[in-house]
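**Q** Please read through the structure below; I'll follow up with questions.
The values are calculated or read from the model by the stated rules, or taken from the named source; none is laboratory data. None of the values given here were measured: they were computed from a predicted structure. Every residue, glycine among them, receives a Cβ derived from its backbone with ideal geometry; neighbour counts consider all protein chains shown.
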Amino acid sequence: MRTILVANRKGGCGKTTVATTLATALSAQGHAVALADADRQKSSLRWLALRPKDAAKITGLNWTKDKNLGDSPKRIDTVIVDGPGAMTTAHAEALIREADEIVVPLQPSVFDTESTERFLDKIETLKKIRKGKATIHVIANRIRLKSRALAALEAHMAETGRPLMARISDRLAYSTLAGEGLSVFDKATAEFTAYRNQWHPLLLAVGE
Ligand SMILES: Nc1ncnc2c1ncn2[C@@H]1O[C@H](COP(=O)(O)OP(=O)(O)OP(=O)(O)O)[C@@H](O)[C@H]1O
Ligand SMILES: [Mg+2]
């Protein structure tokens, strides 16, 4: 079983959107996927409750309590963890102990970048990361293609040795689909092809 943690101490950067989208993408590929909610707001579990019965199956897990971290049924091959905002280093460490891949969403603004870099500085000191036993993937979320903000973020992250793994556009569809317990990977229509394509570098990086 592999565990993909979506985390950033910055609130509202897109953790739940990324976790739910990854869960649908991997489930559509035939993986036995669980979505583990480690955030007390339980947004991922609420999203799952809205999910139509005939949509690709995703099993919900409640990891809001430390004692439940790592719990998963045997048949599950991939666990996606929706991490909490405002987490302590100890909590981040407990979650990272369970993770093989860590996806860090980041919005292209100076404030988000500074706060995310502090988070990355902290987690990069953890033994598991230092030893290369968990890989960090930074992705830009809510971007505008060809914007100056994205170009600046792209250059800055490359310079600091944390290049962007994927770039996800700011699109209303992410929130409207989420309101139905769905994602762009549940909609096989051409309308969402360009949306799905933006996730492919990340899907490749986490080993699909
Ligand atoms: N790429 C996107 N395009 C448009 N809206 C987005 C995108 N990503 C996220 N959002 C919207 O931004 C808001 C915050 O996203 P989300 O809930 O995924 O962040 P979060 O990091 O989980 O927040 P929290 O820290 O509260 O848990 C939501 O309303 C969501 O629909
Ligand atoms: Mg959330």
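**Q** Give all pairs with beta carbons closer than 6 Å in which a residue from the stretch 12-39 that is more than 13 Å from ligand 1 (Cβ to nearest atom) meets a residue that is among the basic types (Lys, Arg); count only pairs at least 6 apart in sequence or on separate chains.
**A** The qualifying pairs are Ala32/Arg75.
**Q** Next up: From Ala55, Ala28, Ala32, which residue is away from ligand 2 (no atom under 16 Å from the Cβ), farther than 18 Å from Gly207 by Cβ, of a type outside the set (Val, Ile, Thr) and touching an Asp or Glu at 6+ places or on another chain (Cβ under 8 Å)?
**A** Criteria check complete, one pass: Ala55.
**Q** Looking only at the stretch 103-140, count how many residues are within 16 Å of ligand 1 (Cβ to nearest atom) and in contact with a Ser or Thr (Cβ under 7 Å, 6 or more places away or on another chain).
**A** 2
**Q** Continuing with the same structure: Checking the structure you have, find out if any residue of the stretch 116-126 is farther than 20 Å from Lys15 by Cβ, among the polar types (S, T, N, Q) and at pLDDT below 95.
**A** Yes: the stretch 116-126 contains one or more residues that are farther than 20 Å from Lys15 by Cβ, among the polar types (S, T, N, Q) and at pLDDT below 95.
**Q** Restricting to the stretch 26-45, name every residue that is closer than 29 Å to Arg118 by Cβ and in contact with a helix residue (DSSP H, G or I) (Cβ under 9 Å, 6 or more places away or on another chain).
**A** Leu35, Ala36, Asp37, Ala38, Asp39, Gln41, Ser43, Ser44
**Q** Can you pull out every residue in the stretch 29-84 that is in a helix (DSSP H, G or I), among the small types (Gly, Ala, Ser) and crowded, with 18+ Cβ neighbours inside 10 Å?
**A** Step one: filter the stretch 29-84 for residues in a helix (DSSP H, G or I), giving 43-50, 66-68.
Pick out the ones that are also among the small types (Gly, Ala, Ser) and you get 43-44, 49.
Correct list: Ser44 only.
**Q** Which of (1) more than 15 Å from the chain's Cα centre (by Cα); (2) among the β-branched types (Val, Ile, Thr); (3) closer than 16 Å to Thr135 by Cα does Thr59 not meet, given it meets every other one?
**A** Every condition holds for Thr59 apart from (3).
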